[in-house]
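Asks: Would you mind keeping the following structure in view while I ask a few things?
The values are calculated or read from the model by the stated rules, or taken from the named source; none is laboratory data. Given the structure is predicted, the values throughout are model-derived calculations rather than measurements. Virtual Cβ from ideal backbone geometry, glycine too; neighbours counted across all protein chains shown. Note: accessible area is taken over every heavy atom of the protein model, side chains too, but ligands, DNA and RNA are not part of it. Shrake-Rupley method; radii C 1.70, N 1.55, O 1.52, S 1.80 Å.
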Amino acid sequence: MFYLDIVTPDKPFFSDEVEMVIVRGIEGDMAILEGRAPITTPLKIGKVRIFQNGEEKIAAVVDGYISVVDNKTTIVTEAAEWPHEIDVERAEAAKERAENLLKSEKDNIDIERAELALRRAINRLEVSNLK
Ligand code: ATP
């Protein structure tokens with residue numbers, strides 16, 4: 001067991017002892033177990049899978065970073081939601097907005113920004129389906 005904290009600018013999102021956490025790092029999925037060597041590395045938009053008392057909890061996160069120090073893991077991200085907290089209509093609207101921007105012929109579009117918005121929306125819709 002080790003301590004996991006997930007922190008967002010709004011609130012401490014999660015703080016408890018866990019058995020394992022799986023995150024989407026920049027080089028792919030990373031499983032953190034007790035006793036892991038220290039690391040600090042960026043996270044991608046995706047899911048955080050928390051394993052605790054034989055159960056798995058899944059949250060949607062946007063990008064951020066994860067740090068493991070002294071057997072304590074901290075995830076800092078701009079936004080995190082549990083499946084039941086996700087407003088599906090809002091995520092669908094965000095997805096549509098981003099898709100329309102990416103399809104449009106205007107030349108002043110920030111493609112990278114629209115792609116990130118699209119990925120956040122798709123991730124939220126996927127996580128919301130897990131409830
Ligand atoms: P939108 O365009 O709908 O604001 P976004 O991807 O730009 O979506 P973020 O900047 O990632 O939103 O998040 C801003 C805040 O809104 C965060 O607190 C996040 O948890 C919350 N949030 C965003 N989308 C949803 C959603 N579909 N359901 C619940 N909370 C959401």
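Asks: Between ASP87, ASP110, ASP70, which gets the highest mean-square fluctuation from a Gaussian network model of the chain, Cα cutoff 10 Å?
Replies: Highest fluctuation among the options: ASP110.
Asks: While we're on this one: Any chance you could check the Cα centroid distance between the range 71-131 and the range 18-32 for me, in angstrom?
Replies: 20 Å
Asks: Here is a further query. Run down the lysines and flag those whose C-alpha is under 16 Å from the C-alpha of LYS47, throwing out any fewer than 8 positions away in its chain.
Replies: Cα-Cα hits under 16 Å: LYS57, LYS131.
Asks: Still on this model: I'd like the FRET efficiency for VAL88 and GLN52, computed as 1/(1 + (r/R0)^6) with the beta carbon distance as r and R0 of 30 Å, rounded to 0.05. Could the numbers behind the result be given before it?
Replies: Working: r = 26 Å, r/R0 = 0.86.
So the FRET efficiency works out to roughly 0.70.
Asks: Let me ask another. What per residue convex hull volume, in Å³, do the alpha-carbon atoms of the chain yield? It would help to have the intermediate numbers written out before the result.
Replies: Working: hull volume 14.5 nm³, N = 131.
So the per-residue Cα hull volume is 110 Å³.
Asks: Along Cα→Cβ, 7 Å out, is where each label goes; now give me the distance between the ones at ALA79 and ASN100 in nm to one decimal.
Replies: Here the answer is 1.8 nm between the modelled labels.
Asks: Which length gain, in nm to one decimal place, applies between GLU112 and THR41 when the Cα-Cα distance is subtracted from 0.36 nm times their residue separation? Could you put the intermediate results ahead of the total?
Replies: Numbers: separation 71, 0.36 × 71 = 25.56 nm, distance 2.13 nm.
Gain on stretching GLU112 to THR41: 23.4 nm.
Asks: Same structure, new question: Taking Cα atoms, how many degrees apart are the long axis of helix 88-103 and the longest axis of the chain, rounded to 10 and kept between 0 and 90?
Replies: Its long axis makes an angle of about 50 degrees.
Asks: Keeping every protein chain present and rolling a 1.4 Å probe, give me the accessible area per residue for the chain in Å². Could the numbers behind the result be given before it?
Replies: Working: 7980 Å² over 131 residues.
Accessible area per residue, the chain: 61 Å².
Asks: Please identify, among PRO12, PRO42, PRO83, the residue showing maximal mean-square fluctuation in a Gaussian network model of the chain using a 10 angstrom Cα cutoff.
Replies: PRO12
Asks: Helix 111-128 sits at what angle to the longest principal axis of the chain, using alpha carbons and giving 0 to 90 degrees rounded to 10?
Replies: Value to nearest ten degrees: 60.
Asks: Under unit Cβ charges (Lys, Arg +1; Asp, Glu -1), what dipole magnitude, rounded to 20 debye, does the chain have relative to its Cα centre?
Replies: 140 debye
Asks: Which percent of the accessible heavy-atom area of the range 25-131 goes to carbon and sulfur, probe 1.4 angstrom?
Replies: Details: 3190 of 6790 Å².
Ligands and nucleic acids excluded, carbon and sulfur reach 47 percent.
Asks: Hey, another quick one. Checking the cross-link filter: which aspartates and glutamates have an alpha carbon closer than 16 Å to that of LYS95, excluding same-chain neighbours under 8 positions apart?
Replies: ASP87, ASP110, GLU112, GLU115, GLU126
Asks: Going by accessible area, probe 1.4 Å, with all protein chains left in place, what is the ranking of PHE2, PHE51, largest first?
Replies: Correct descending sequence by accessible area is PHE51, PHE2.
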